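This report concerns only the one structure given below.
Here, each number is a calculation from the coordinates, and none is a lab measurement. Just so you know, these numbers come straight off a predicted model, no measurement behind them. Ideal geometry is used to build each Cβ from the backbone, glycine not excepted, and the neighbour counts take in all protein chains shown.
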Amino acid sequence: MSHHYSGPNFGFPHGDARLDLTDLYAFPKPGGVSRSILVMNVHPSFTIDKPKPTTSVPFATKAMYELKIDTDGDAVADIAYRACFSQSPDGTQTATLRRVEGAEAAGSGDGGHVIVEEAPLSLDREPQITEAGDHRFFAGWRSDPFFFDPLGAINNLQFTGSDFLADKDVCSIVLEVPNSALGNKEVGIWARTLDGISGDWVQADRGARPMQAIFLTGEERDAYLSAQPAADARFIAVFAHSLEHAGGYIPAEARRVASTLLPDILRFDTRRPGSYPDNGRTLIDDAPDHFLTLLTNGKVTTDRVGPHSDLLGEFPYLGPPHKASAARRGA
């Protein structure tokens, strides 16, 4: 899994699938040298353990979905994009997107400059796209671009090449931004979900690099998901312990490898092509194979699954959802 099912026992953070961060992608806009694409995927449409559909409601209305951007290399956000969702009496949802800069971007408030207000959500095959100045915005159900054999992972890494996620959906938040909005240089990016049901914003899930929050955090998973990247050095020891166990690393080498994975931030230079793990992450990068090679110290190098074939060549780039909105509502 990537961040799919990041709660305990294949559950979801705070017991809510809508708060589950699945994947983060960042790559230059195809054919657009001065613009970049940021994708935050949440809310898997199906559980893995005893597979069944999750809720049909796309996003939690008492939650915040946030992209954090570090522009100076200190693992503290200098820019944040915050998406919140409201629901009308007829059950439809709309999105509001804000941008905040400076010290406020590192916090957990819901303020900021409004970029998009009451944007329609996309539930069907045809994407609903909102243009807002020099930004483009999409939110709604899409085909999950993550490709992996999670059942093989559960079965002691005995992979069959069966892509459980090939016909599954996620809820996507996709931004197209000018590179100048990110600083026209290398930045660090991560995503997080915050639960506001208690009246305060509580971080439910976070991450950037795929799979490590699931496979390497051990009994520290809850602490990891609620932590901030600037404090990630505290998890080097638990990562190293997991690497020793899974890959047979000697302790010193396990610590060295663990230190390359933290802080949990995706480095992205807008001036270079996207390619995981070197620069951002595209929708076709085989992040699972990269992680398996690292996890097992080269003993397992592939899950025998490749990229999905339903990706689009234009914004929002993710393929259409597999289930129509009528089916989601049980009609």
The residue that is farthest from T130 (Cα to Cα), considering only those in region 73-112 that are in contact with a helix residue (DSSP H, G or I) (Cβ under 8 Å, 6 or more places away or on another chain) and not in a strand (DSSP E or B), is D74
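Kindly indicate which of L67, L38, L21 is in contact with a Ser or Thr (Cβ under 7 Å, 6 or more places away or on another chain), of a type in the set (A, V, I, L, M, F, W, C) and closer than 26 Å to I79 by Cα.
Matching residue, one of L67, L38, L21: L21.
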Single condition F138 does not satisfy, out of (1) without any contact (Cβ under 8 Å) to a residue 24 or more places away in the chain; (2) in a strand (DSSP E or B); (3) out of contact with any Leu (no Cβ under 7 Å at 6 or more places or on another chain): (1)
Quick check, is L97 of a type in the set (A, V, I, L, M), touching a Phe, Trp or Tyr at 6+ places or on another chain (Cβ under 6 Å) and buried (at least 17 other Cβ atoms within 10 Å of the Cβ)? yes
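Could you tell me whether G248 is loosely packed, with under 14 Cβ neighbours inside 10 Å, out of contact with any Pro (no Cβ under 6 Å at 6 or more places or on another chain), in contact (Cβ under 8 Å) with a residue 40 or more places away in the chain and at positive phi?
Working: loosely packed, with under 14 Cβ neighbours inside 10 Å: yes; out of contact with any Pro (no Cβ under 6 Å at 6 or more places or on another chain): yes; in contact (Cβ under 8 Å) with a residue 40 or more places away in the chain: yes; at positive phi: yes.
Yes.
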One residue from G298, G313 being without any contact (Cβ under 8 Å) to a residue 60 or more places away in the chain, among the small types (G, A, S) and farther than 23 Å from V57 by Cα: G298
Filter region 28-68 for residues that are among the hydroxyl-bearing types (S, T, Y) and in a strand (DSSP E or B); the one that is surrounded by the most Cβ atoms within 10 Å (Cβ to Cβ) is Y65
In contact (Cβ under 8 Å) with a residue 40 or more places away in the chain and over 30 Å from D72 (Cβ atoms): is that true of V177 in this structure? no
Cβ-Cβ below 7 Å, separation at least six or inter-chain, first residue in region 187-210 and under 17 Å from F146 (Cβ atoms), second small (G, A, S) and surrounded by fewer than 22 Cβ atoms within 10 Å (Cβ to Cβ): which pairs? P210/A287
